[in-house]
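**Student:** Before anything else, here's the structure in question.
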Amino acid sequence: MTVRSHLSWPLRWAALALMLGFSAALALWAFEFGREIAGLDGNLKQQLAATQEELAQTRLERDRAQGIANTADSLLKAERATQDSLAAQVRLLQSDNLTLKADLGFFERLLPLGGKEALAVRGMQAEVPVAGRLRYQLLVMQGSRAPADFQGRYELALSGQLDGKGWTQAVAGGARPIRFRQYQRVEGEVDFPPQAVVQSVEVRFVDADGGVRAQQSLKL
């Protein structure tokens, strides 16, 4: 025997209405939740786009800053190179200045102390740096304030001992021409027998007519 439960039609309709209402409410909630999710996704996209734009702007500013830094580094290197070049030039000028001071001191020592000599030899110096070679230096000058050009020659002679005997040697090649107005620096080297001992050096200045205008001897 089977027992069946019979509900009245009003109850059945009420239950059906309740189920339909619950389903509608659930659908409405799902719809609203979907809209919220869709809105949130849109905000995320906007924020992502804004972040990407800020990142691109930051990269652009970084590139600009890097370019400025590279330019500044190049300018700094160029400035350092310029400073090194200027320092080298200063050292060269200082060396030239010392040379000029030395030359000035040499000429000051050779200036005549007074008198009205027509021609004079000043500051004659000579040395034998190695055997068989003599190096000499002197200044020849005219004493008057407005002299005429001197044109002539100078002769150099060495004297001393060779093999225990007196020895004399004129400069090889004979007299050397010279021309100047106020003063002239004369220097050079002379070869002689390595066995010889040079004891003195004599220089003579001869004018175009063959007259000896000045001479001086130096003992070593």
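The values are calculated or read from the model by the stated rules, or taken from the named source; none is laboratory data. Just so it is clear, the structure is predicted and the values come from calculations on it, not from any experiment. Because the Cβ atoms are built from the backbone with ideal geometry, glycine has one as well, and the counts that use them run over all protein chains shown. For the accessible areas, the whole protein counts, side chains as well, though only heavy atoms, and no ligand, DNA or RNA atoms are used. Shrake-Rupley method; radii C 1.70, N 1.55, O 1.52, S 1.80 Å.
**Student:** Which order do the peptides 122-130, 58-66 come out in when sorted by mean C-beta neighbours inside 10 angstrom, highest first? Spell out each step's value before the answer.
**Tutor:** On the way: 122-130: 14.3, 58-66: 10.0.
Highest mean packing first, the order is 122-130, 58-66.
**Student:** For region 161-220, what does the relative contact order come out to in percent, with C-alpha contacts under 8 Å and a separation of six or more? Walk me through the numbers on the way to the answer.
**Tutor:** Working: 45 pairs, mean separation 18.3, N = 60.
Once normalised by length, the contact order is 30 percent.
**Student:** At a temperature of 20 °C and a viscosity of 1.002 mPa s, determine how fast region 177-220 diffuses translationally according to Stokes-Einstein, using the Kirkwood radius over alpha-carbon pairs as Rh; express D in µm²/s, rounded to the nearest whole number.
**Tutor:** On the way: Rh = 12.9 Å.
It diffuses with D of about 166 µm²/s by this estimate.
**Student:** Provide 19, 141 ordered by accessible surface of protein heavy atoms (probe 1.4 Å), highest first.
**Tutor:** Working: 19 125, 141 15 Å².
Of 19, 141, the descending order of accessible area is 19, 141.
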